[in-house]
Amino acid sequence: MQRTFSLSAYMHQRFGQRVQKIPLDAGFSCPNRDGAISRQGCVFCNPLGSGSGMRERGLSLAEQWAFWRDIHLGTHGIERYTAYLQSYSNTYGPVEKLAQTLTALDGLPGLTSLSLGTRPDCLDEAKLDLLAEQKDALELAEVVLELGLQSSNDSTLTHINRGHGTAAFADATHAATARGLKVVAHVMAGLPAPQGREGLEELLATVEYLNALPIHGIKFHNLYVCRGTLLARWFEDGQYVPMTQAEFLDSLSEAIMYLDPKIVIHRLNGNPQKGELLAPEWAANMRGMHNAIRAHFKKHDVWQGKKNGAEAGPPEWYSPDFKKAPLP
Ligand code: SF4
């Protein structure tokens, strides 16, 4: 039984086949790191960013694309792809830089859709208009903005040095969706907060906040401590204690049950890069995490929306058979 409206289920419905994300590093920066807002960054952010390092090795976007596409095509025969501009804030800087980046995607073989990771305060009218235009010009089925929200509590956002508040997220979401762009919200469980670590109550408040916005998808992350961050110092000083795996599983389960069943879940947990994890140890074991989440959902009969509109049972699109029917 499928217990969540997963990205893979959505992609099968939408395209009738697997669509693989290809991570691309286009060389963008972040205003919360380069001094425009702050130089410290969000307290949990790995200073090395989430890039593949390919840009630093001098690979163009087309070369990065070819590298990953050859692997996916050769090993799994995958033919359709999402270009995923992942590192830092991919709409930061002048609109011309974004335009150049989008032009460089033109003609990439198998390009089907585009996802951009960015901050909600790095999207002005000109950039949103450009993205909407290029969606048509590049014949992209979808353009998705992956926006960091992390928490719906403004005092938490201040505490983690996020550099923007919840209003920026809501404004960007409305402005993007009005132009036919989709929004995926990033959310973190276990954030440090002025009153201590955020818990279930705050996570459910964030889910409730997102349920009321026109978001298309969500990524859940369990906050883990990366080396070289301010959070690492707080952890070493004893000011911050990460969630236990049991706490995370309980919180995630409740969040899933209160989540609108129409929101696509892109991720259920965070995935530390090699060498960056300081704590907690359980966050390192990806396969163990997936198994633990699956077992926990089964044991407690968790499914998405169970406490929010799907009380009678999982909607029909949870069925694996339903994957074969493309969305209207
Ligand atoms: S907005 Fe993203 S890239 Fe910038 S500091 Fe925060 S987590 Fe890091």
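Residues in the range 1-26 that are aliphatic (A, V, I, L, M) and within 16 Å of the ligand (Cβ to nearest atom): L24, A26. Candidates are the residues of the range 58-94 that are among the polar types (S, T, N, Q) and not in a loop (DSSP other than H, G, I, E, B); the one that is farthest from A176 (Cα to Cα) is T75. Tell me yes or no: at least one residue of the range 1-15 is part of a loop (DSSP other than H, G, I, E, B), modelled with pLDDT under 95, surrounded by fewer than 19 Cβ atoms within 10 Å (Cβ to Cβ) and touching a helix residue (DSSP H, G or I) at 6+ places or on another chain (Cβ under 6 Å). There is at least one residue in the range 1-15 that is part of a loop (DSSP other than H, G, I, E, B), modelled with pLDDT under 95, surrounded by fewer than 19 Cβ atoms within 10 Å (Cβ to Cβ) and touching a helix residue (DSSP H, G or I) at 6+ places or on another chain (Cβ under 6 Å).
Okay, residues lined up against (1) among the aliphatic types (A, V, I, L, M); (2) assigned to a loop (DSSP other than H, G, I, E, B):
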| site | (1), (2) |
| --- | --- |
| E247 | no, no |
| D250 | no, no |
| N271 | no, yes |
| A283 | yes, no |
| K298 | no, no |
| K307 | no, yes |
| A310 | yes, yes |
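When the helices (runs of 4 or more DSSP H) confined to the range 141-226 are screened for residues that are surrounded by 18 or more Cβ atoms within 10 Å (Cβ to Cβ) and of a type in the set (G, A, S), those reaching at least 3 such residues are found at 166-177.
K21 falls short on exactly one of the conditions (1) among the charged types (D, E, K, R); (2) over 24 Å from Q304 (Cα atoms); (3) modelled with pLDDT of 95 or more, and that condition is (2). Would you say S29 is away from the ligand (no atom under 16 Å from the Cβ), in contact (Cβ under 8 Å) with a residue 12 or more places away in the chain and not hydrophobic (A, V, I, L, M, F, W, C)? Judged against the criteria, S29 is not a match. All of P23, P47 fail the test of being in contact (Cβ under 8 Å) with a residue 24 or more places away in the chain, closer than 20 Å to C122 by Cβ and not in a loop (DSSP other than H, G, I, E, B), apart from P23. So for the range 118-139 (the condition being of a type in the set (D, E), within 16 Å of the ligand (Cβ to nearest atom) and assigned to a strand (DSSP E or B)), does at least one residue qualify? Among the residues of the range 118-139, not one is of a type in the set (D, E), within 16 Å of the ligand (Cβ to nearest atom) and assigned to a strand (DSSP E or B), which makes the answer no. Of all residues assigned to the range 95-103, at least one qualifies as being touching a residue at least 60 places away in the same chain (Cβ under 8 Å), more than 25 Å from I263 (Cα to Cα) and part of a helix (DSSP H, G or I). Looking only at the range 79-87, decide whether some residue is surrounded by 20 or more Cβ atoms within 10 Å (Cβ to Cβ), modelled with pLDDT under 95 and within 15 Å of the ligand (Cβ to nearest atom). Yes, the range 79-87 contains at least one residue that is surrounded by 20 or more Cβ atoms within 10 Å (Cβ to Cβ), modelled with pLDDT under 95 and within 15 Å of the ligand (Cβ to nearest atom). Looking at E63, E125, just one residue is among the acidic types (D, E), exposed (fewer than 15 other Cβ atoms within 10 Å of the Cβ), without any contact (Cβ under 8 Å) to a residue 12 or more places away in the chain and over 14 Å from E146 (Cβ atoms), and that residue is E63. I need the full set of residues from the range 104-143 which are of a type in the set (A, V, I, L, M), more than 22 Å from the chain's Cα centre (by Cα) and closer than 26 Å to W68 by Cα, in order please. If the condition is that a residue be of a type in the set (A, V, I, L, M), more than 22 Å from the chain's Cα centre (by Cα) and closer than 26 Å to W68 by Cα, then A104, L108, A137, L138 are the ones that fit. Would you call E247 more than 16 Å from the chain's Cα centre (by Cα), crowded, with 20+ Cβ neighbours inside 10 Å and of a type outside the set (S, T, Y)? No: the conditions fail for E247.
The values are calculated or read from the model by the stated rules, or taken from the named source; none is laboratory data. Quantities reported herein were computed from a predicted structural model and do not represent experimental measurements. Virtual Cβ from ideal backbone geometry, glycine too; neighbours counted across all protein chains shown.
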